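Every read-out reported here was derived from the displayed coordinates using simple, explicitly stated rules and does not represent laboratory data. These figures come from a predicted structure and were not determined experimentally. Glycine also receives a Cβ, built like all others from the backbone with ideal geometry; neighbour counts cover every protein chain displayed.
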Amino acid sequence: MGSRPAGSGRVRPDGRRRDLWLYLGVAYAGMWLAMLPLLVTGYRRGDAREATGALAEVCIAVAMFAPALGAVVAVRYGRRGGGRVWEALALRWPRPWGRAVRECLTAAAVPAGLTVAALALGALAGRYPVGELDAGSVTGWLAGGSVGLVVSLPLFFGEELGWQGYLFPRLLRDGHRTRPLRAYLLTGAAFALWHLPTLIMGGQYPGRSWYVSVPAMVVSCTLVLPVFTWLRLRSGSVVPAVVAHAFVSSLSVGMVKEFADPDAALDPLHMGLTGWPGWIVMAAFVAFLARTGRLRPVDAAGAGTGVGARASGPVVPDRL
């Protein structure tokens, strides 16, 4: 029996996944360390209308850069021939510039439409208390919210360079195989569980116990992630996913408060994209994207999907 040539043996699974463990370790450790000042002081958010304090804002801002840091460490140090980090993470503008503008507008319009549909569904079910809407006040709120969204974009680059730039494409490939469903489910779960420190403090679901808020967050993230991924795939860039994430976390949440009766109690589990009305609306939209082939990458070895691999072209779904 002949001996195997040097280097032809099977790669140990832990070696193949060193970059993945590096990413998860840095992203999760960074989140917990950033939230430590709030955890040790016993901070807990008890009401959806409660304003976020200065300390909480600082902790959240620091935490949001942990996924990007994890992605950079994973690409740069986790695999041989890491290549250009920003190229590997699909940090590029869609070209030409006109297309970039259209993609970013789509990235804002889609979550806006999903939010309106979720609020309408909640109102029809009697769970969302719609208030009196004044065109002037809504316009002023929208203008201020849009400015705030733009200002907050660097923070959401911190998250999406990790989730869409690194983790989803990394899980999409398993050797020579492509596993989209696994990538969507595992990235959604990792995305949700990364929020665990804020969930146990009532961040996304004020007043709810962790055993309610954690499963709810898993459902929310698993459903919203394909929307972000669709935007990333059709553009070949993480930028539209960043815009969509910023909208969902700022203006979408703000819409729930702005359009509601000011005297009514708000429960995120029953309104907006983080509640069951949003789950229904997002599930329907994701089903449409899947049914029409918009979530299936054609070239999984393209730019941004092969961590450490040279870009051979943008990753695009077979239908846009």
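Worth a mention:
- Scaled radius of gyration (Cα, divided by 2.2 N^0.38 Å) that the range 15-291 gives: 0.99
- Across the range 52-192, counting alpha-carbon atoms alone, Rg and Dmax equal 19.1, 59 Å.
- Principal-axis tilt of helix 276-291 within the chain, Cα atoms, nearest 10 degrees: 40 degrees
- Of Ser137, Ser250, Ser213, the sequence from fewest to most neighbouring Cβ atoms within 10 angstrom is Ser137, Ser250, Ser213.
- Sorted peptide list for 142-148, 102-108, 267-273, criterion being average Cβ within 10 angstrom, highest first: 267-273, 102-108, 142-148
- Length gained when the stretch Val150-Arg76 is fully extended (0.36 nm per residue, less Cα-Cα span): 23.8 nm
- Estimated dipole of the chain in Debye, rounded to 20 [Cβ of Lys and Arg +1, of Asp and Glu -1, Cα centre]: 2040 debye
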